[in-house]
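The values are calculated or read from the model by the stated rules, or taken from the named source; none is laboratory data. Only a predicted model underlies this, so the values are computations on that prediction, with no experimental measurement involved. All Cβ positions, even for glycine, are placed from backbone atoms using ideal geometry, and neighbour counts span all protein chains on display. Just the protein is used for accessible areas: all its heavy atoms, side chains included, with ligands, DNA and RNA removed. Shrake-Rupley method; radii C 1.70, N 1.55, O 1.52, S 1.80 Å.
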Amino acid sequence: MKNIPIVLGVGVTLALTGCFAKIQQLPAHPDKNSPVFAPLADQDPLVGLAVSGGGSRAATFAAGALEALADIRITREGKERSALETVTHMSSVSGGSLATAYYTMKKPPKSVPVLDEQGLSPTYRNFFSDFKEAMQMDFQSRAAVRQLLFFRAFNPTKFAYSFSEVWDNNFFEEKTFSQLYAREQRGDSPRVILNGTLYNSGQRFALTTLPASEFNYDFIELLIRELKKPDRPAPVTPEGLAIIQQGLEKAKKQFLPLTFEQIGANHENLRLSLAVATSASFPPVVGPVTYSVDGKPPYHHIGDGGLFDNLGTESLTTLFLKKIPQGSSRRGLIIVIDTSFPFDATAGELDNSEKGFEVFKDDPSRIVGIMEERANAYQMMLWDSLRTEGVVLPDFAHLRIEVLKHTDADWTGYQDLPDACRKEFPPDVKPEDIKQAVRHIPTLFKIKSPCHGALLFKAAQKVVEKHRDRIVNFIQASQ
């Protein structure tokens, strides 16, 4: 009995060690006039994949969508190739960043053909089999075990490190940004942007090998030039123009992302797994990850990219808009792999519940979702208005966006179900019931059942097939 206070004291001390701050130190970049990683030549056309957040649901659907895209044949310059081979950039958030990092670091090299006469080559069949299996692992439980084993239980920041260590142990093997860049240089990987949110200022933070200058798209100059035209239906006075310009300058700060290069850091040896964990850190359970240059303030607290943009589209559009100015002959396609949790999926439960707070059991990001719905609505109105006016945005022939949404798959009934789901549904199941089941797959870093994974893979095949002709036609027309 005398030892009980000592044991308790030791236990409390070990538990509290998890509360101490953890700072990821990066060395200073010695030359502020040059990028950390040298620019690489662009391909034509530009084809970008934006991969949304959504935990393992997003990672699993993305793996299925990438496999389906790989199986699409494109004819360019008289040669057949896979649509996936035309992808030049990938921009991702949260769970989508896990799939993006896995694909870009583990895919076979450029010299290995994606397709043969029968379809996917044996090498790529094996790769996608491993890819899909890996994305369905229970990362959440493994990370929680590490939290306990290493006395990190009360520290959300260290939970991000636990996830990164789980991913390193299973497939990333502590690969770094310099190793990613080497693959990009060889053409073995598209250019990668993992998106986070800088909690200090609310700005988007791009964890990437791309130079900061690639994102410096000056849309303000274009808008002001348009507003100054004397033949506008509603001329703007000089006073009004000054107010508009002031507001636009503030908007530009939030619109353009920050990079490690811009905070004076050299991230060559930063582990890719920690960058993924940074992008996937969801407050207040996981993260943010705190970075500093040479261990000194200011400290940069970076977390969930979905707080700013849960689709990963804004970094790609910023990049592409700079590379495809109005009047340019260049063309770009952005394919959005969207597995974000449907905002209205829990509306029915709320309609019939007296306890509104219970919605957070299945939809913990509801508050963030409300803000995201509003932001997406404004973004859509802005894009459509600018496109209609011919201002800032290229026309549809030069910049196209295709959205592959996991809930857009069309189901026919029981015979359409994957084998893993046959026991989960009655023989007279209606297509709408299957669609609802897909809509309710939760946002976790694990796939709760084999049926959930199988549904996501089947949905990916169906949705890619719906968009096949539009994707093929756009890429083949860019010759």
- Query: Residues with beta-carbon under 14 Å from that of Gln179, excluding Gln179: net charge, scoring Lys, Arg +1 and Asp, Glu -1?
  - Reply: 0
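Summarise the accessible area of the chain (1.4 Å probe, protein heavy atoms) by the percent that is carbon and sulfur. Intermediate values should be presented prior to the final figure.
Numbers: 12240 of 22430 Å².
Within the chain, the accessible surface is 55 percent carbon and sulfur.
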- Task: At 0.36 nm per residue, minus the direct Cα-Cα distance, what do Arg422 and Ser201 gain on full extension? Give it in nm, one decimal, please.
- Result: 74.7 nm
- Query: Near Lys110, within a Cβ-to-Cβ distance under 13 Å, what is the net charge of the other residues, with Lys and Arg +1 and Asp and Glu -1?
  - Reply: +1
- Query: How much net charge surrounds Thr208 when only the other residues with a Cβ under 14 Å from the Cβ of Thr208 are counted, with Lys and Arg +1 and Asp and Glu -1?
  - Reply: -2
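Per residue of the chain, what 222 nm ellipticity follows from adding -39500 (n - 2.57) for every DSSP H run with n ≥ 4, rounded to the nearest 500?
Working: 16 runs with 206 residues, N = 479.
Value at 222 nm, helices only: -13500 deg cm²/dmol.
From the Cα gyration tensor of the range 91-198, with a ≥ b ≥ c the square roots of its eigenvalues, which class applies: rounded if a/c is under 1.5, or else prolate if a/b is larger than b/c, or else oblate? Intermediate results must be reported in sequence, preceding the final value.
Numbers: a/c = 2.65, a/b = 1.79, b/c = 1.48.
Prolate.
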- Item | Cα coordinate range in the range 171-320, projected on the principal axes (Å, largest first) | 60, 37, 28
- Note on the structure: Taking a crude spin-label model, label points 7 Å out from Cα along the C-beta direction, the Ala477 to Arg125 distance in nm is 3.5
- What residues from the range 102-140 fall in the zone where the backbone N is under 19 Å from a label point 7 Å along the Cα-to-C-beta line of Glu77? 110-115
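Beta carbons within 10 angstrom, averaged per residue: use that to sort the peptides 163-170, 237-244, 319-326, 96-103, highest first. The partial results should precede the final answer.
Values: 163-170: 20.8, 237-244: 10.6, 319-326: 18.6, 96-103: 29.6.
Descending packing order for the listed peptides: 96-103, 163-170, 319-326, 237-244.
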- Item | Cβ-derived FRET efficiency at R0 41 Å, Lys322 paired with Phe20, nearest 0.05 | 0.45
- Item | Karplus-derived 3J(HN,Hα), 6.51/-1.76/1.60, for each residue of the range 413-426, Hz, glycine and proline x | x, 4, 5, 8, 6, x, 4, 5, 10, 4, 8, 8, 10, x
- Given the pairs Lys252/Lys323; Lys110/Lys458; Lys79/Lys458; Lys430/Lys462; Lys228/Lys250, which are separated by over 23 angstrom at their Cα positions? Lys110/Lys458; Lys79/Lys458
- Rounded, prolate or oblate (a/c below 1.5 giving rounded, otherwise prolate when a/b exceeds b/c) for the chain by Cα gyration tensor: rounded
- Rounded to the nearest Å, the spacing of the alpha-carbon centers of the range 195-267 and the range 290-354 is 16
- Yeah, the range 306-350 with a ≥ b ≥ c from its alpha-carbon gyration tensor (a/c under 1.5 is rounded, else prolate when a/b outruns b/c, oblate otherwise) is prolate
- Item | Relative contact order (percent, whole number), the chain, Cα cutoff 8 Å, 6+ residue spacing | 25
- Message: If I stretch the segment between Glu465 and Leu40 completely, what's the gain in nm (0.36 nm per residue apart, minus their alpha carbon distance), one decimal?
- Response: 149.8 nm
- Based on the Cβ-Cβ distance from Glu402 to Leu148, what FRET efficiency comes out when R0 is 60 Å, to the nearest 0.05? 0.85
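For the chain, what is the accessible area per residue in Å², given a 1.4 Å probe and the full set of protein chains? It would help to have the intermediate numbers written out before the result.
Working: 22430 Å² over 479 residues.
Spelled out: the 1.4 Å probe surface of the chain, per residue, equals 47 Å².
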